[in-house]
Amino acid sequence: MKTEYKYRVLALFSALVLFSIAILISGRTVDAASGGSITGKVKLNGTAPHQRGIDMSKEPTCAAIHKDKPVTMENVVAGADGGLADVVVYISQGLSGNEGASSEPVSITQKGCQYIPHVVALDVGQHMKVINADQTSHNIHPQPKNNPEWNKSQPPGAPPFDVTWANEEIAVPVKCNIHPWMHGYVAVVKGPFGVSDESGSFKLQGVAPGSYTLTAWQETYGTQTQKVTVAAGKPATADFTFTAK
Amino acid sequence: MRTFMIRWALLVTVTAFLGFSALSSAQMTRYEQDQRLGTEAHVGNLTGHAHAAKENYRRYCVGCHGEEGDGEGENAVWLDPKPRNFTLGQFKCRSTPTGTLPTDEDLYNTLGRGLVNSNMPSWNPLSNQARIDLVAYVKHFSPKFQGDKPGPPVQIPPEPEVTAERIKAGQAVFQKLECWKCHGVEGRGNGPSADTLTDDQNRPIKPFNFHDGTRFKCGTSDQDLYKIFMTGLDGTPMPSFADNVKPDEAWQLVFYLRTLQPMQSKEKQIARQLGLKPINPNSTPTPSPQPAASDTPATAPATAPETSPAASPASPPPADSASPNPPQRK
């Protein structure tokens with residue numbers, strides 16, 4: 001009985017300590033999601049691995065779209081100047097928790113039996129439109145771990161449908177069972193994010209001044225992190241380099 | 001000396017705190033598990049209690065579904081398809097939209113029926129009470145059943161009369177929705193995509209062959225068949241078509257699918273009278289009386305129309321569709 005009392009006092013004390021630490025930490029970030037930004041470039045060090053070609057002859061309407069330019073897998077998409085595309089950059093630590101999701105929907109389009117873009121990023125709760133621009137049926141079949149899995153057919157000419165994701169998950173693989181080569185990702189993040197383009201450039205907007213841990217995720221190479229500080233009215237920069245394997 | 005004391009005090013506090021949180025989290029999971037043994041299931045005037053099914057689960061289910069309900073029972077290695085992992089809260093046979101939990105009745109019916117083309121037998125020999133208790137026990141393995149509610153069940157309108165027109169229209173729906181990509185033009189489970197299909201555990205899975213099956217995993221009635229393609233079989237390549245099939249089209253499709261099955265039926269008789277030929281995916285499907293079935297994929301231009309979210313805002317799905325955004329917002 002007596003020892004239990006002692007433990008209670010200790011537990012209370014440690015809770016207090018933690019509480020004050022939490023207050024100290026939270027006091028450092030500014031809540032208003034005002035104008036700050038983080039820009040940077042993602043580079044690939046070395047030569048990108050060979051991307052296997054895709055034979056779409058089983059789906060003539062899609063094969064026709066690509067007849068001038070053969071399609072390859074997109075596990076590593078490197079630009080001419082070493083920029084690495086389709087890398088999701090997001091804030092993994094330091095958010096105040098008050099950042100609201102953008103009301104602008106993002107979209108994922110099935111076109112030429114590919115997902116465009118290959119990697120979509122969006123906020124928890126942000127709307128995503130799923131569009132079929134092809135003359136063939138697709139079934140959109142995400143394989144999440146932290147969100148419910150579903151599987152919907154979308155015949156040609158069907159209207160886009162709307163999806164939201166309840167939980168953070170970087171990243172949910174998406175596939176089409178009818179066209180097994182189709183393969184994309186939906187990165188469900190919290191707070192500001194950017195996805196690198198062909199030149200490797202990305203931009204996170206609406207970052208409140210503060211210190212953050214920035215994470216870059218690439219489907220083949222995994223994640224990298226670095227610290228970054230955003231000062232009021234000054235865009236911060238952060239570059240990432242992945243090494244080709 | 002003083003700094004030493006302070007450090008020491010801090011160390012003790014932190015250790016104590018860590019110890020405490022570990023202890024309380026262990027207690028928490030045990031508590032949660034106990035809580036979950038209080039899970040109930042309701043069908044009609046039957047009420048099932050998870051704790052009442054402990055014995056029966058151990059006796060009848062553990063060999064396949066495992067002590068922890070993770071589908072890793074000692075017999076699991078020999079089975080294909082694999083026993084369900086109940087901790088994921090994901091089920092093939094549902095009356096609810098893709099991505100949502102099944103109703104208690106769905107699970108109860110599954111236990112009574114068993115799953116054809118698998119090692120999951122029918123549990124009808126057990127009493128109704130034993131089965132509803134087992135439903136509660138199956139649910140208690142997944143935390144999802146604590147938070148989420150089952151999705152809204154698919155509404156099935158009264159079945160219309162089987163007519164030659166409806167069967168022909170159903171064939172056009174089969175072609176338009178491209179069931180044949182997986183199930184084959186004759187429904188033999190040998191469509192162009194059939195060989196590459198895998199389930200969620202990346203194990204090969206075959207599409208249903210309508211010619212050698214009188215029963216489906218998820219039921220035998222026309223209503224069951226209606227439900228199957230409206231909800232999809234979660235965890236498999238078989239998708240949900242709820243967003244794109246109107247109720248009358250769905251009934252037409254049911255009637256057409258019946259013509260492919262081996263047993264005698266009114267549908268099969270009519271198909272024979274009509275001399276119904278398998279679809280030809282390279283031709284225009286037989287025009288259906290339904291306006292929606294007239295946009296034929298086979299005759300559409302080869303170049304895809306440019307669709308952008310701004311240019312084509314999501315038009316509302318058909319009124320009968322289960323819910324425009326079911327899987328994620330719950």
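The values are calculated or read from the model by the stated rules, or taken from the named source; none is laboratory data. Because the structure is predicted, anything quoted here is derived from the model rather than measured. Neighbour counts run over all protein chains shown; Cβ positions are idealised from the backbone, glycine included. For accessibility, only protein heavy atoms count, side chains too; no ligands or nucleic acids. Shrake-Rupley method; radii C 1.70, N 1.55, O 1.52, S 1.80 Å.
Between the helical axis of A:2-28 and the longest alpha-carbon principal axis of chain A there is an angle of about 60 degrees.
For the pair A and B, the buried accessible area comes to roughly 3900 Å² in total, with a 1.4 Å probe and the value rounded to the nearest 100.
May I ask you to list the GluC sites (Glu not before Pro) in region B:124-183 that are in a DSSP loop and have at most 10 other Cβ atoms within 10 Å of their Cβ?
Working: sites: B:Glu161, B:Glu165, B:Glu178; in loops: B:Glu161, B:Glu178.
Listed in order of number, the matching sites are B:Glu161.
Rounded, prolate or oblate: which fits region B:141-270, taking a ≥ b ≥ c as square roots of the Cα gyration tensor eigenvalues, rounded meaning a/c under 1.5, else prolate when a/b beats b/c? Here region B:141-270 falls in the oblate category.
A:Lys203 sits with roughly 100 Å² accessible to a 1.4 Å probe, with DNA, RNA and ligands left out of the calculation.
The fraction of accessible area contributed by carbon and sulfur in region B:164-291 is 51 percent, rounded to a whole number (1.4 Å probe; ligands and nucleic acids excluded). Quick one: among A:Ser137, A:Ser57, A:Ser107, which has the greatest mean-square fluctuation in a GNM of chain A with alpha-carbon springs under 10 angstrom? With Cα springs under 10 Å in chain A, the top fluctuation among A:Ser137, A:Ser57, A:Ser107 is at A:Ser57. Largest mean-square fluctuation among A:Gly191, A:Gly83, A:Gly157, in a Gaussian network model of chain A whose springs join Cα atoms under 10 Å apart, belongs to A:Gly157.
Would you mind calculating the relative contact order of region A:35-243 from Cα pairs under 8 angstrom and at least 6 residues apart, reporting the percent as a whole number? Please list the in-between numbers first.
Values: 531 pairs, mean separation 67.1, N = 209.
Averaging sequence separation for qualifying contacts and normalising by length gives 32 percent for region A:35-243.
Contact order for region B:102-198, expressed relative to its length and based on alpha carbon pairs under 8 Å spaced 6+ residues apart, stands at 15 percent. When chain A is treated as a GNM with alpha-carbon contacts under 10 Å, the residue of A:Lys69, A:Lys152, A:Lys111 showing the greatest mean-square fluctuation is A:Lys69.
Cross-link partners for B:Lys266 among the lysines, with Cα-Cα distance under 26 Å and sequence neighbours closer than 8 places in the same chain left out: B:Lys168, B:Lys176, B:Lys217, B:Lys227, B:Lys246, B:Lys277.
Counting other C-beta atoms within 10 Å, and keeping those with at most 13, which DSSP coil GluC sites (Glu not before Pro) do you find in region B:66-157?
Values: sites: B:Glu67, B:Glu68, B:Glu72, B:Glu74, B:Glu105; in loops: B:Glu67, B:Glu68, B:Glu72, B:Glu74.
Loop-located and lightly packed - B:Glu67, B:Glu68, B:Glu74.
Remark: mean inter-chain Cβ contacts per residue of B:212-219 equal 0, using a 10 Å Cβ-Cβ cutoff to other protein chain atoms.
Taking all protein chains as present, what is the carbon and sulfur share of the accessible area of region A:35-243, in % to the nearest whole number, probe 1.4 Å? Walk me through the numbers on the way to the answer.
On the way: 4100 of 8160 Å².
That share works out to 50 percent.
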